[in-house]
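Written out below as structure tokens is the structure these notes cover.
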């Protein structure tokens with residue numbers, strides 16, 4: 001069984017990172033990864049090369065359903081309301097954002113490319129599912145849930161964020177990813193990916209490494225959702241106007257269920 005994470009760039013002018021893990025109901029390990037991919041077809045081709053015709057779950061960090069021309073999707077607003085206290089609000093997605101770049105919605109094109117490889121777009125992942133599925137995720141609320149954080153890790157580049165503080169947060173992120181080797185389910189990462197010298201990475205090289213780590217984490221979200229099934233994830237939004245699957249630990253449920261559950265898709 002394969003679990004694929006894709007940190008899909010908003011535009012093909014920027015690079016995309018991809019990570020593939022192979023595993024079973026006991027554990028998984030990273031078996032392939034690629035940085036600096038660009039076109040949707042190039043991404044789909046690398047996935048096909050990595051997983052063949054085997055059952056596979058693909059988690060993509062990008063909007064896969066966008067109906068609104070401007071503003072934000074209902075799910076973007078809902079995620080922002082629910083996870084604002086953890087500083088894990090969603091980026092608002094709308095079709096005009098890609099139109100200004102002279103492009104279609106990338107996530108929708110990505111789903112079409114994967115459909116040609118036999119992947120079905122659905123977040124309805126059953127426990128130990130043996131299908132080929134693709135679905136949308138968002139790492140920030142997933143990190144809060146899986147790592148039991150009071151607020152998100154600040155490893156993203158910001159104008160007012162000192163470089164050394166960003167590197168410190170990067171290292172925290174890597175320590176959490178290393179800790180997945182002791183989680184349920186377990187994911188082990190090779191030193192070539194998790195042990196790179198942060199001090200030697202600057203500018204674009206640090207950005208592409210950030211993309212790779214996010215892709216690795218997306219692959220784990222795919223594995224976690226497959227391993228536990230519906231009891232350990234929630235689907236915010238809906239499959240018409242847009243959704244985001246968020247993995248749920250008992251701790252995260254306790255944080256969110258102090259408020260009404262009207263935002264959840266009913267099974």
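Key figures
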| quantity | calculated |
| --- | --- |
| DSSP bridge pairs, the chain: antiparallel proportion in percent, nearest 5 | 55 percent |
| Contour excess over end-to-end distance, with Cα ends at residue 251 and residue 11 and 0.36 nm allotted per residue | 82.9 nm |
| Cα→Cβ-extended label distance, 7 Å offset, between residue 167 and residue 183, nm | 2.6 nm |
| Near-label residues of the range 240-255 by backbone N, under 19 Å of a point 7 Å along Cα→Cβ of residue 67 | 240-245 |
| Peptide ranges 132-141, 97-106, 199-208, 47-56 listed from the most packed, as the mean C-beta count within 10 angstrom indicates | 132-141, 47-56, 97-106, 199-208 |
| In nm, spacing of pseudo-spin labels at residue 81 and residue 39 (7 Å Cα→C-beta vector) | 4.2 nm |
| Relative contact order computed over the range 2-256 (Cα-Cα under 8 Å; 6+ residues apart), in percent | 28 percent |
| Within the chain, helix-based [θ] at 222 nm, where runs of 4 or more DSSP H residues each add -39,500 (n - 2.57), nearest 500 | -11000 deg cm²/dmol |
| Entry for Cα Rg over 2.2 N^0.38 Å (calculated from the structure that is shown) out of (1) 1.25; (2) 0.94; (3) 1.13 | (2) |
| Which of 36, 239 has the fewest Cβ neighbours within 10 Å, and the rest in rising order | 36, 239 |
| Label-reachable residues, the range 1-32, where backbone N falls under 14 Å from a point 7 Å from residue 130's Cα toward its Cβ | 1-2, 25 |
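Any read-out appearing in this document is the output of simple, stated calculations on the displayed coordinates, not a laboratory observation. What you are looking at is a predicted structure, and each value in this text was computed from that prediction instead of being measured. Here Cβ is always computed from backbone atoms with ideal geometry, including for glycine, and neighbour counts include all displayed protein chains.
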